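Visitor: Attaching a single structure in structure tokens format; questions to follow.
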Amino acid sequence: MGKLSIMSEFWDFLKVRKKWWLAPIVIFLVLLGALIIFTEGSAVAPFIYTLF
């Protein structure tokens with residue numbers, strides 16, 4: 001099972017169960033995780049940490 005399978009299963013869950021309020025939460029968490037991963041070893045990291 002790949003990542004694409006997980007995303008399609010999540011999409012099917014949202015459609016069938018009508019849980020559309022979960023989508024913004026998941027998108028925000030994914031973006032926040034990507035921000036933390038990409039700035040982990042860069043020179044931008046001290047500036048990002050001041051935001052939190």
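The values are calculated or read from the model by the stated rules, or taken from the named source; none is laboratory data. Nothing here was measured: the structure is a model prediction, and the numbers come from that model. All Cβ positions, even for glycine, are placed from backbone atoms using ideal geometry, and neighbour counts span all protein chains on display. Only protein heavy atoms, including side chains, enter the accessible area calculation; ligands, DNA and RNA are left aside. Shrake-Rupley method; radii C 1.70, N 1.55, O 1.52, S 1.80 Å.
Visitor: Mind pulling up the Rg/Rh value for the chain? Radius of gyration and Kirkwood radius, both on Cα.
Guide: Using only Cα positions, Rg/Rh for the chain is 1.16.
Visitor: Another question, if that's okay. Can you list the HN-Hα couplings for segment 24-39, worked out from phi with the Karplus curve (6.51, -1.76, 1.60; θ = phi - 60°), rounded to whole Hz and with x for Gly and Pro?
Guide: Ordered by residue, 3J(HN,Hα) equals x, 5, 5, 4, 5, 5, 5, 5, 5, x, 5, 4, 5, 5, 6, 9 Hz.
Visitor: Continuing with this model, one more query. So what does residue 13 come to for accessible area, using a 1.4 Å probe and Å² rounded to 10?
Guide: Solvent-accessible area, nearest 10 Å²: 80 Å².
Visitor: If I model a spin label at residue 23 and residue 5 as a point 7 Å from the Cα along the Cα→Cβ vector, what separation in nanometres do I get?
Guide: Distance between label points: 2.5 nm.
Visitor: In addition: Quick one: putting +1 on the C-beta of Lys and Arg, -1 on the C-beta of Asp and Glu, what dipole do you get for the chain around its Cα centre, in Debye to the nearest 20?
Guide: It comes to approximately 300 debye.
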